[in-house]
Amino acid sequence: MKTKSFVCLHGFGKHPGGRRPGFSAALRRNVEALLGAPVLWREVLWDGLLGSPDSFGTLDLALQTPALVRDFYEGRAGDAVRARVAEAVRAASAEAGGAPVVLVGHSFGAAIAYETLARGLAPEAKSLVMLAPPMGLFNRPEMLAAHAIFGMPERREAAAARGRLGPGAVERIFNAFAAPIQAVAGLPEVKGDRLPDDVSALSLRSPEDWFAEPLGEAFPDVSEREVLPPPGTRGGANHKFYWAAPVVAESVAAAAVAACSHAGEPPATAAELELLSRAAEDSLWSAGQYELDENGDVVGGSIS
């Protein structure tokens with residue numbers, strides 16, 4: 001049985017768990033516990049090539065994001081970042097004996113991962129799991145401006161409760177000025193170019209995460225699923241909890257089992273079989289040649 005192989009990308013901001021080696025350690029521990037075996041795990045530190053906002057504050061992100069997005073999608077810095085990711089994916093697959101790689105990206109790291117695969121630069125990666133991808137927000141700069149000026153959604157709700165703003169007033173105001181805000185922000189229109197036919201993609205986002213709007217029809221190759229943050233999570237923490245969330249680890253581990261199954265390697269344990277069923281629920285690859293019966297067992301096969 002080949003070693004499961006993963007490559008992880010961080011997002012913007014100097015927030016806990018990002019932009020330093022080991023940012024994905026909690027996810028790795030959870031994935032290994034689910035698989036019951038060590039995995040090959042690599043991280044890509046990309047902000048030295050592209051740059052990143054100085055903090056995770058809302059205003060910093062809103063002011064600095066447009067230039068960074070343009071640099072990534074249209075500039076040479078984006079080429080350098082994508083090349084670094086492709087190199088890491090190739091090395092991970094080779095070290096794992098040719099096993100398919102699962103690419104995991106958080107926040108802007110999800111945008112980087114998607115674009116790298118869409119351009120065909122990392123063919124060894126057969127599955128993509130995006131945690132709070134921001135591309136939906138890039139296509140709604142009026143919401144980015146609303147968050148920057150009026151703060152997090154819960155602050156706007158508090159203002160509305162005090163009678164200062166009516167329900168949805170901020171969104172209506174900024175929607176009315178969407179076109180000029182788009183011109184001022186200078187954000188390129190981000191659409192999901194088709195992924196290779198043998199790549200599956202899943203987006204996980206919290207409905208409380210203001211930085212991760214739904215991807216919608218602009219990304220038809222991506223399955224989307226909502227995940228809930230820990231109880232009591234508020235503000236920016238709604239954008240940071242993914243690396244340590246057990247439900248995220250289940251989807252990431254399931255992606256690896258599904259990718260290996262699609263490559264012709266059957267589930268080796270009961271835990272892997274269960275994860276393969278989860279992959280089907282997540283709209284990742286189905287059980288492929290290993291059809292499951294009504295009891296969840298492999299039809300015409302067995303597991304150890």
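Rule-based calculations on the coordinates, nothing more; no lab input. On a predicted model such as this, the values are computed, not experimentally measured, just so you know. Positions of Cβ are generated from backbone atoms using ideal geometry, with glycine treated the same way; all protein chains shown enter the neighbour counts.
Couple of notes before you dig in:
- Computed label-point distance, nm, for sites residue 228 and residue 270 using a 7 Å Cα→Cβ extension: 2.8
- In this label model, residue 191 and residue 25 are separated by 4.3 nm, measuring between points 7 Å along each Cα→Cβ vector.
- If the segment from residue 64 to residue 280 were pulled out straight at 0.36 nm per residue, it would be longer than the present Cα-Cα gap by 73.9 nm.
- Amide H to amide H, with H built 1.01 Å from N, residue 213 comes under 5 Å of 136, 137, counting only residues 5 or more places away or on other chains.
- When only alpha carbons of the stretch 184-282 are considered, Rg and Dmax amount to 16.0, 54 Å.
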